[in-house]
Each structure stands twice: as structure tokens, then as C-alpha cells.
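Presented below is the structure to which this report refers.
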Amino acid sequence: MASRYWVVSLPVQNSASSLWNRIQEQISKHSFDTPLYRFIFPNLRVGTLDSLLSLSDDLLKSNNFVEGVSHKIRRQIEELERVSGVESSALTVDGVPVDSYLTRFVWDEAKYPTMSPLKEVVDSIHGQVAKIEDDLKVRVAEYNNVRSQLNAINRKQSGSLAVRDLSNLVKPEDIITSEHLVTLLAVVPKYSQKDWLSSYETLTNYVVPRSSKKLFEDNEYALYTATLFNRVADNFRTSAREKGFQIRDFEHSSEAQESRKQELEKLVQDQENLRSSLLQWCYASYGEVFSSWMHFCAVRVFAESILRYGLPPSFLACVLAPTTKSERKYVQSLKGCAIVVTVPFGKLTMKLGEEWLV
């Protein structure tokens, strides 16, 4: 598929067929590998020239909005596919590839009646795309909320000892809990381990001698136990904090551990379900937005052609896909044309012929 398309509008002086033949001849002189297609859509309701001039001022803003939503959805598809590691699927519009839809465009009379004023057509396109954007925001927010919860749990599982969940590191036999004794867990910086071992017994009174045991060590910290009398636990915490040791609150509970495990499994499943649902929705919505974008492109071609060439409508619109190197030649061969540059996965901009004159 080409990465860049032009939709070109030229005034018809004699007949559309003779002009079409002349365009084909001009294109063939410069490149034989550039496909050329008719961009066919019905005559739309013109209204007054004043209304067209007023509408022309709004077309660029509306176009940027519709284009922007299509890019948001495309980027969301790319993000979902990257996260899941699945192979990218071809984007489609009404079941056909994007480039096929563009080069064989057919105006949807049922959705956008040609007898409706152009302003109503533009407002209808804008409104439909705005609803899709709002739906996208809600769906993405729901998906990101579950991802954030899952990431928070994963950080607790794999983060440093200062923040991670300790339930998988501490065994029931490591903890002494009785009427008078309690075992506390201390997170000690790796460079301070000797200081901990030499000082923990004196951080407060009634600390059980030689009760400290190292349970785990990561890149930054080591996890130690210390057993002492319940009544001096608060004093121990305070003294430990003053020396740079963190006392982590911990209560071993098999029920709580099982509950956390079930919560994690549920979040993983929820994330996968939401990811799959969002990806399917994005594929369908991208096609709908791209279709709206092409109808909007047709409105722009029609409006700009009327303003440029006058009434009654008499112009020929076609689609071509020049290579980057040959664009300059095509500009020279199509002087005086109103040119719309469309890029299915990039930007959509509007330029008039004089702006392209060399």
C-alpha cells in the first residue's frame, strides 16, 4: 500500500473523458508506476457562495479534528498490538483494505444525503466522530485503570524491599508472635548491614540477643528480622528509623495471601479481556472514522473546487500515489489544480495550485 495519496481536482473545459485521458498522458510521461484512479462522488448541495466561503473557514478545523481522532485510534491499535506482542493486522474500512476503500471511494447517500446542506453534512461527520472519540476516552480509561492496578501489584511483587510485598519472602517460622514477644521486619540498606548487626540489640531495651536473621537481599536492601518484647516495639521502630532502618509492618495470613493471588489473577484476566475488546473496537472504529474522513475530503474537494472554478460544478477529481521523488514533477504537470494531499496513516492537508507552482 502506498503511504501517500493525492486527491486532485481539475476544471473540466471540454469533456471529463478527454481531461481524464490528458491526465493519464501527463502522469505516464513522468512515471509508469504511479496508479491513477477516479475520485467519484455526487454533486452536493451548493447553497450560496457566502455560505461556502463561511464553511471553508471551518473546514480546516473540522478536518484537523477528524484526522486527529483517526490517528488516536491508529496509535491505540499500535500500542495494544505492541503490548500484547501480536502481529499487526491490516486496517480495513467496510471490510476492505484502507487503500482499496480510498481508491474506490463511493459516497454513502444513506448516511450523508446529498440534498442536505453542506454545513449539515460537515456537522454530521463531526458529531459522529466526536461520539467515537468520547467512547474511545471511556474505553481507554477503563483499560488503563486495570493496567495501573496490575502494574501497582507487580511493582509490589518485583520492586525493592522498601515497597514490595513481603508475603512471598517471609515464612511462618520466621515470625514469633506471642503474648509478650513480637518479630519485626527491618529493611536495611546493603551498605549498612554491619551497622544493623552491631546495633539492633541496643536500639531499645528487651531485644532478644542474636535474634536477627537475614531473609532476603536485593540490589539495594536486605531484609532482617528482630525479636523483642511487645511493649518496646514502638521505641524500636523510632530508634531504627533514626539510624536509617525501615521497619515494615507485616502480618502473615494465608487467607490474605490467597486473596491477593486471586485478585492478581482476576486483574490479569480483566486486562486481557479489556485489551481484546478495545482492540476489536478500535479496528471497527478506525474504519468508521476513516470513512468519515474520506467523505469529509470529498466535501473539501467539492467546496474548494466551486470556490476556485465557479458554478455550475464542472471539475474532475482523481486519486494518485506519487513517489516522494516524483512529487515535484507532478506539481509542475498539474499547475492550476486544487490539490488535496491525503495520507491514510499520516496527515491530511489542503493546498491550492498556486501554492505549488515552481
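Given the condition at pLDDT 90 or above and touching an Asp or Glu at 6+ places or on another chain (Cβ under 8 Å), answer yes or no: does some residue in the range 253-264 qualify? Looking through the range 253-264, none of the residues is at pLDDT 90 or above and touching an Asp or Glu at 6+ places or on another chain (Cβ under 8 Å).
Against the test of being closer than 28 Å to A284 by Cβ, touching a residue at least 40 places away in the same chain (Cβ under 8 Å) and of a type in the set (S, T, Y), the options S88, S84 yield a single qualifying residue, S84. Looking only at the range 213-241, residues that are closer than 20 Å to L169 by Cα and in contact (Cβ under 8 Å) with a residue 24 or more places away in the chain come to 14 in all. On the basis of being at pLDDT below 90 and surrounded by fewer than 13 Cβ atoms within 10 Å (Cβ to Cβ), does S148 make the cut? No, not satisfied.
Okay, residues lined up against (1) under 42 Å from the mean Cα position of the chain (by Cα); (2) within 26 Å of N151 (Cα to Cα); (3) surrounded by fewer than 16 Cβ atoms within 10 Å (Cβ to Cβ):
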{"site": "T177", "(1), (2), (3)": "no, no, yes"}
{"site": "Y191", "(1), (2), (3)": "no, no, yes"}
{"site": "L203", "(1), (2), (3)": "no, no, no"}
{"site": "K213", "(1), (2), (3)": "no, no, yes"}
{"site": "L223", "(1), (2), (3)": "yes, yes, no"}
{"site": "T227", "(1), (2), (3)": "no, no, no"}
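Search the range 111-122 for residues that are of a type in the set (F, W, Y) and pair each with any residue that is modelled with pLDDT of 90 or more when their beta-carbon atoms are under 8 Å apart and the residues are at least 6 apart or on different chains. Qualifying pairs under 8 Å: Y112/V121; Y112/S124; Y112/I125; Y112/H295. No other residue among L36, L80, L44, L53 is in contact with a Leu (Cβ under 8 Å, 6 or more places away or on another chain), at pLDDT 80 or above and surrounded by fewer than 12 Cβ atoms within 10 Å (Cβ to Cβ) apart from L53. Selection within the range 179-189: residues that are aliphatic (A, V, I, L, M) and within 50 Å of the chain's Cα centre (by Cα). The member of this set that is farthest from Y221 (Cα to Cα) is L184. Given the structure, is P11 under 21 Å from C318 (Cβ atoms) and either exposed (fewer than 15 other Cβ atoms within 10 Å of the Cβ) or touching a His at 6+ places or on another chain (Cβ under 7 Å) (or both)? Spelling it out, it is not the case that P11 is under 21 Å from C318 (Cβ atoms) and either exposed (fewer than 15 other Cβ atoms within 10 Å of the Cβ) or touching a His at 6+ places or on another chain (Cβ under 7 Å) (or both).
Tell me whether the range 52-75 contains one or more residues that are among the hydroxyl-bearing types (S, T, Y) and in contact with a Lys or Arg (Cβ under 8 Å, 6 or more places away or on another chain). No, the conditions are met nowhere in the range 52-75.
Residues that are within 19 Å of R248 (Cα to Cα) and in contact with a strand residue (DSSP E or B) (Cβ under 6 Å, 6 or more places away or on another chain) within the range 191-214 comprise Q193, W196, Y200, E201, V207, V208, S211, S212, K213, K214, listed in sequence order. Filtering the range 36-59 to residues that are assigned to a helix (DSSP H, G or I) and closer than 24 Å to R104 by Cα leaves only L59.
Looking only at residues of the range 73-105 that are aliphatic (A, V, I, L, M) and assigned to a strand (DSSP E or B), we find that the one that is farthest from E142 (Cα to Cα) is V96. Inspect the range 2-16 for any residue being at pLDDT 80 or above, under 24 Å from G310 (Cβ atoms) and either basic (K, R) or within 22 Å of the chain's Cα centre (by Cα) (or both) and give the result as yes or no. No, there is no match, as no residue in the range 2-16 is at pLDDT 80 or above, under 24 Å from G310 (Cβ atoms) and either basic (K, R) or within 22 Å of the chain's Cα centre (by Cα) (or both).
Is at least one residue of the range 3-14 touching a Gly at 6+ places or on another chain (Cβ under 9 Å), assigned to a loop (DSSP other than H, G, I, E, B) and touching a residue at least 40 places away in the same chain (Cβ under 8 Å)? Yes, that holds for at least one residue.
Okay, residues lined up against (1) modelled with pLDDT of 95 or more; (2) closer than 25 Å to S277 by Cβ; (3) crowded, with 16+ Cβ neighbours inside 10 Å:
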residue: L118; (1), (2), (3): no, no, yes
residue: S124; (1), (2), (3): no, no, yes
residue: E133; (1), (2), (3): yes, yes, yes
residue: E142; (1), (2), (3): yes, yes, no
residue: L161; (1), (2), (3): no, no, yes
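Applying the criterion of being touching a helix residue (DSSP H, G or I) at 6+ places or on another chain (Cβ under 6 Å) and polar (S, T, N, Q) to the residues of the range 130-181, the residue that is nearest to S285 (Cα to Cα) is Q149. Would it be correct to say that S70 is of a type in the set (G, A, S), part of a helix (DSSP H, G or I) and within 18 Å of Y283 (Cβ to Cβ)? Taking the combined requirement at face value, the residue satisfies it. One residue stands out in the range 83-101 among those that are more than 10 Å from F290 (Cβ to Cβ) and hydroxyl-bearing (S, T, Y): the one that is modelled with the lowest pLDDT, namely S88. Whenever a residue of the range 152-173 is assigned to a loop (DSSP other than H, G, I, E, B), its partners that are polar (S, T, N, Q), lying with C-beta atoms within less than 6 angstrom and at least six residues away or across chains, give the pairs D165/Q157; S167/Q257.
The values are calculated or read from the model by the stated rules, or taken from the named source; none is laboratory data. Computed from a prediction, not measured in an experiment: that's the story for all the values here. With ideal geometry, Cβ positions are generated from the backbone for all residues, glycine too; neighbour counts draw on all protein chains shown.
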